[in-house]
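Asker: Mind having a look at this structure? Questions to follow.
The values are calculated or read from the model by the stated rules, or taken from the named source; none is laboratory data. As the structure is a prediction and not an experimental result, all values here were calculated from the model. Backbone-built Cβ (ideal geometry, glycine too); neighbour counts: all protein chains shown. SASA here: full protein model, heavy atoms, side chains in, ligands and nucleic acids out. Shrake-Rupley method; radii C 1.70, N 1.55, O 1.52, S 1.80 Å.
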Amino acid sequence: MELSTSQNRTMTATAQVATGFGRAHAKAILLGEHAVLHGSPALAVPVPRLGVTAVATRFPEPGATSVLLDGAVGAVPYPNEGLRQVADALTAGDGGWRIEVLLRCEIPAGRGLGSSAACARAAVLALADLLGRELDDRKLYELVQAAENVVHGRASGVDAITTGADSPLLFENGTAEQVRIGFDGLFVIADSGVAGQTKDAVRLVRNAFEQRPGTREQFVGTVSRLVRSAVRDLAEGNAAGFGRSMTECHAALRDIGVSTTLIDAMADAAVAAGALGAKVSGGGLGGCLVALVQRPEEAWWVSQAMCEASAVRTWTVGAGRFGRDER
Ligand SMILES: Nc1ncnc2c1ncn2[C@@H]1O[C@H](COP(=O)(O)OP(=O)(O)OP(=O)(O)O)[C@@H](O)[C@H]1O
Ligand SMILES: C[C@@](O)(CCO)CC(=O)[O-]
């Protein structure tokens with residue numbers, strides 16, 4: 001890249017390495033995925049034990065902004081077009097320095113756990129920190145959401161907010177409200193080991209709506225009813241009712257086509273092992289399943305059953321005493 005003499009002078013005058021830091025975490029959707037894109041409410045929880053950290057470094061030399069992902073084989077260029085566009089927009093006008101954003105992501109990609117949103121949030125925070133930009137919650141959300149809209153085709157905003165939240169959230173009419181889970185229990189998240197692209201799943205649902213008249217009303221109506229019933233169960237401490245809504249929601253997601261045979265088998269195994277309910281979570285077409293259990297020892301049995309049905313790993317998130325991750 002060619003620099004003008006004045007740019008060169010500015011760079012030399014302030015030449016030193018500077019860094020910024022950002023962090024975000026995974027999320028799991030308890031109820032309402034896909035339907036939330038068509039007007040339904042949705043419930044989601046943060047999964048703080050799966051984090052993303054980002055370090056943005058400005059080098060005292062001319063160059064462009066790049067985003068790298070740190071992995072087992074070292075740092076590799078991160079092929080996320082949405083994040084690339086947002087990073088370029090944030091750093092435009094910063095004088096043409098070489099900036100590198102290095103992401104360390106504990107969230108497996110394409111598992112419905114919000115890896116793309118969490119990576120975008122951590123990177124945006126690190127760049128803002130580096131550049132000394134004040135970002136209020138609204139602006140931060142808009143930047144993450146801009147990246148998500150490119151990655152997913154069209155995103156509801158659930159992932160963009162929940163990957164930075166510290167409590168469960170209810171999404172309704174474009175707003176997010178904190179909710180309290182009024183029962184003790186554990187959400188067991190199981191990874192099918194199969195990556196599914198949310199963009200493909202969102203397109204599949206839209207095609208189903210177009211090809212089969214009435215499907216949209218039926219799917220969105222069913223899921224909305226289940227989310228509203230589950231919100232009442234949260235307030236009343238009715239874990240069994242909440243679990244039933246999860247299993248019913250799984251059936252709706254399966255019928256629309258975003259579950260897989262493997263996830264269906266994991267859901268059946270979880271319920272047979274004593275889970276109060278189980279469903280595919282997030283975009284689907286692979287990815288993760290979330291099950292609800294009442295007691296810690298049941299979490300172990302349900303995890304085991306899902307692993308026998310092909311899950312490759314599980315994580316648990318405390319329901320009632322939210323904020324304290326449990327294993
Ligand atoms: N560790 C990683 N390795 C490669 N790509 C990653 C990684 N983490 C995030 N990504 C990015 O996330 C994208 C997957 O995003 P996608 O939205 O399909 O899944 P998700 O964010 O995990 O799930 P969901 O949006 O349903 O919660 C990949 O295309 C890639 O751009
Ligand atoms: C499938 C979807 O509902 C959830 C992805 O985590 C998409 C979205 O809400 O943006």
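Asker: Classify the chain: rounded, prolate or oblate, from the alpha-carbon gyration tensor (a ≥ b ≥ c, eigenvalue square roots; a/c under 1.5 rounded; otherwise prolate if a/b is larger than b/c)?
Answerer: The shape class here is prolate.
Asker: While we're looking at this one, here's another question. Return the whole-Å distance between the Cα centroid of segment 127-197 and the Cα centroid of segment 266-286.
Answerer: About 22 Å separates the Cα centre of segment 127-197 from the one of segment 266-286.
Asker: I would also like to ask the following. I need the shape label for segment 181-326. Rule: rounded when a/c is under 1.5, else prolate if a/b > b/c, else oblate, with a, b, c from the alpha carbon gyration tensor.
Answerer: Oblate.
Asker: Pick out, in residue order, every one of the GluC sites (Glu not before Pro) in segment 120-173 that is DSSP loop and has at most 16 other C-beta atoms within 10 Å; say none if there are none.
Answerer: 134
Asker: Still on this structure, I have one more. How high is the FRET efficiency from residue 73 to residue 16, r the C-beta distance, R0 25 Å, rounded to 0.05?
Answerer: So, using R0 = 25 Å, E works out to roughly 0.25.
Asker: Follow-up question, since we're still on this one. With springs only between Cα atoms under 10 Å, which of 276, 31, 292 fluctuates most in a Gaussian network model of the chain?
Answerer: 276
Asker: Just subtract the alpha-carbon distance of residue 313 and residue 92 from 0.36 nm times their residue separation and send over the number in nm, one decimal.
Answerer: Difference between extended and current length: 75.5 nm.
Asker: For the chain, what is the mean residue ellipticity at 222 nm derived from helices alone (per DSSP H run of n ≥ 4: -39500 (n - 2.57); sum divided by total residues; nearest 500 deg cm²/dmol)?
Answerer: -13500 deg cm²/dmol
Asker: Could you give the size of the charge dipole of segment 244-327 about its Cα centre, using +1 on the Cβ of each K and R and -1 on the Cβ of each D and E, expressed in debye and rounded to the nearest 20?
Answerer: That gives segment 244-327 a dipole magnitude of about 260 debye.
Asker: Nothing charged except the Cβ atoms of Lys and Arg (+1) and of Asp and Glu (-1): what's the magnitude of the dipole of the chain about its Cα centre? Round to the nearest 20 debye.
Answerer: Using only the charged Cβ atoms, the result is roughly 140 debye.
Asker: Specify the angular offset, from 0 to 90 degrees and rounded to the nearest 10, of the alpha carbon long axis of helix 215-236 from the longest principal axis of the alpha carbons in the chain.
Answerer: The angle comes out near 80 degrees.
Asker: What is the helix-to-structure angle for 198-211, meaning the angle in degrees between its Cα long axis and the longest Cα principal axis of the chain, kept from 0 to 90 and rounded to the nearest 10?
Answerer: Roughly 50 degrees, rounded to the nearest 10.
Asker: Relative to the present Cα-Cα distance, how much length would full extension add between residue 217 and residue 240 at 0.36 nm per residue of separation?
Answerer: Length difference between fully extended and current span is 5.6 nm.
Asker: Among 245, 116, 167, whose mean-square fluctuation peaks in a Gaussian network model of the chain (Cα, cutoff 10 Å)?
Answerer: Of the options given, 167 has the highest mean-square fluctuation.
Asker: Something else: Roughly how big is segment 141-276's charge dipole about its Cα centre, with Cβ charges of +1 (Lys, Arg) and -1 (Asp, Glu), in debye to the nearest 20?
Answerer: The calculation lands at about 400 debye.
Asker: Also, I was wondering about something else. Give me the 1.4 Å probe accessible area per residue for the chain, excluding ligands and nucleic acids, in Å².
Answerer: Accessible surface, normalised per residue, equals 44 Å².
Asker: Share of the chain's accessible area from carbon and sulfur, percent, 1.4 Å?
Answerer: In the chain, the share of accessible area belonging to carbon and sulfur is 50 percent.
Asker: Rank 157, 63, 39 by mean-square fluctuation in a GNM of the chain with C-alpha springs under 10 angstrom and give only the top-ranked residue.
Answerer: Sorting by GNM fluctuation, first place goes to 63.
Asker: How many nm is it between the label spots at residue 154 and residue 261, if each spot is 7 Å from the Cα in line with the beta carbon?
Answerer: Using points 7 Å along Cα→Cβ, the separation is 3.3 nm.
Asker: Please give the helix 296-308 orientation as an angle from the longest Cα principal axis of the chain, in degrees from 0 to 90, rounded to the nearest 10.
Answerer: Relative to the chain, helix 296-308 is tipped by roughly 80 degrees.
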